[in-house]
Amino acid sequence: MIAANKFIKLIYLIVFTFLFTTWCYAVEVRGKASESVDKTWNKKKTIEAIERARVKACRNAFDNYIRDPEKMPESKRMIFESIQDQIYNNLGEYMTCAHIVSEPDLSNKDDKKKIKDTKKVTVVVRANIDKTRLDIEIKKSSKIFASDSSEKSKLAMIFFSRTVAAQRQFDERVTDVEKTTTGVEINEEESESGVSSMTTETNVSETGGSTLKKADVTEYIVDDNDTAKLEAGMKEIFTKARFEPVSGGRQVRKNWRKLKGEIINSLESGGGIPEEVRWEIEDILMEKNVSYVVFAYFDVGVPEQDAATGNQIVNAALTVAEITRLGDSDPVSLGTISGVQMRGQGSSNDIAKSNAINLVSKKTAEKLVALINSKGIN
């Protein structure tokens, strides 16, 4: 009896785990569709129209998922469009659509009257999209995924992270101007002896001025430890996408000390990665048969305290990342991304900062991989 109870509990656990996992990776989307009905009331044909509307509403729910840029970024959608016939012909493998939100009730007089008046039936459904299954199908259709292990593309990473060290603020400078002008007034009087006149000088003053505010100056510090964490986070995503990620610094090691110094000086002064430095690095990487190079730098904010939890919070943001295909001819930019922002929390500043960097690096890598796949190249 005890063994039987344990077995039943195990079955419940397996079923619960399956349902929980399925729920975690499913995205809920609504769909809506209408179907026309005959002018003359016919119950059988109306039921058939409702069935057709259900099918259309399920497809509409899937279409709504695909059109949503938050759920299906442009880079992924470009790959999806190349395999959409295959997906739509097997929609049941990528979604479940069994929940009816609303549909006409033919036993209800009001619904029946509405159908007769409008000559149509409308159905609203709630569908669950299997995001993981769909993403796998999209990745399988990318050029990178299709290449075998011997054809992996080398991708060099040149990443830097800078943290605000200080900020100088300047007060407004006010310039006062006083302008004095002299006017001449002439008073004339007529007398028996003729006309006499008298001139009087009058001083007129104008006051005014302008204000001038000097732009604030922010000073940064580049931390090598942060850069190492960025590479680790991105390397994980690039490897899963079947790239062969390599350290850019190691590839150009003979010149790295000089090139790195120029980059750090520029970043700590509030600038970006100098263009001339990038050109020199690209030339060296082409000689090493590296297929791609990613130049990116991130800004890490100062720690704050979460009033609710008391934990430290650090924001990390991608300032800009550009991926370039090197090849045999001149390098070709595949595009840039920016604006990726993530927040890390932790019991200490270091933990919060590490979490923020890890999150922002992975999200950036995912966007870069999608950008490459969208170009249909390897």
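The values are calculated or read from the model by the stated rules, or taken from the named source; none is laboratory data. Being a predicted model, the structure only gives us computed values, none of them experimental. Virtual Cβ from ideal backbone geometry, glycine too; neighbours counted across all protein chains shown.
Structure values in brief
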item: Index of the failed condition, A370 passing every other in (1) closer than 18 Å to A232 by Cα; (2) in a helix (DSSP H, G or I); result: (1)
item: Among (1) out of contact with any Lys or Arg (no Cβ under 6 Å at 6 or more places or on another chain); (2) surrounded by 13 or more Cβ atoms within 10 Å (Cβ to Cβ); (3) at pLDDT below 90, the one test that I138 misses; result: (1)
item: Sole exception among (1) surrounded by fewer than 18 Cβ atoms within 10 Å (Cβ to Cβ); (2) within 30 Å of the chain's Cα centre (by Cα) for N128, by number; result: (1)
item: Close pairs from segment 347-370: first in contact (Cβ under 8 Å) with a residue 60 or more places away in the chain and not assigned by TED's automatic domain parsing to the domain that holds K76, partner buried (at least 24 other Cβ atoms within 10 Å of the Cβ) and of a type in the set (V, I, T), Cβ under 6 Å, at least 6 apart; result: K353/V314
item: Filter result (under 27 Å from G335 (Cβ atoms), modelled with pLDDT of 80 or more and not in a helix (DSSP H, G or I)) within segment 71-92; result: K71, M72
item: Filter pass, A352 being surrounded by 15 or more Cβ atoms within 10 Å (Cβ to Cβ) and over 13 Å from the mean Cα position of the chain (by Cα); result: yes
item: Residue in segment 38-48 that is of a type in the set (A, V, I, L, M) and either outside any helix (DSSP H, G or I) or in contact with a strand residue (DSSP E or B) (Cβ under 8 Å, 6 or more places away or on another chain) (or both) present; result: no
